[in-house]
Amino acid sequence: MTEAATPITLSASAAKRIAHLVSMDEYTGMKFRVSVSGGGCSGFQYGFGFDDKSEADELVVERDGAKMVIDGMSLMYLAGSEVDFIENVGGSYFVINNPNATSSCGCGSSFGIAM
């Protein structure tokens, strides 16, 4: 599946950061995993991590050599989103620009969706 056809995209800066991280010995051969779980101060929370496994039904998004994996349950909350990487004086972090989120917390790691 090409990036243009995926329901979630990876920004150039996020792809660059992921590629850098997986070049480190600790993460060699791994994929960047994005997930959504219940909890957080707004109802759902984003999860970021690295995994060397992926299931056949999971979405794999590739950009500039970086691979991001998303499970089907998380994908339904992330459709239309972009995963980005921000670097500024406040720090550096991954962020999800999620058009489905109707509310979020101050730290940006949790969100709510109107049902």
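We did not get these values from a lab; they are worked out from the coordinates using the rules stated. Note that this is a predicted model, so its numbers are computed, not measured.
By the rule of a C-alpha distance below 14 Å, with chain neighbours fewer than 8 residues away ignored, the aspartates and glutamates paired with K16 are E62, D64, D84, E87. Taking a straight Cα-Cα cut-off under 20 Å and skipping sequence neighbours fewer than 8 places away in the same chain, the lysines within cross-link reach of K53 are K31, K67.
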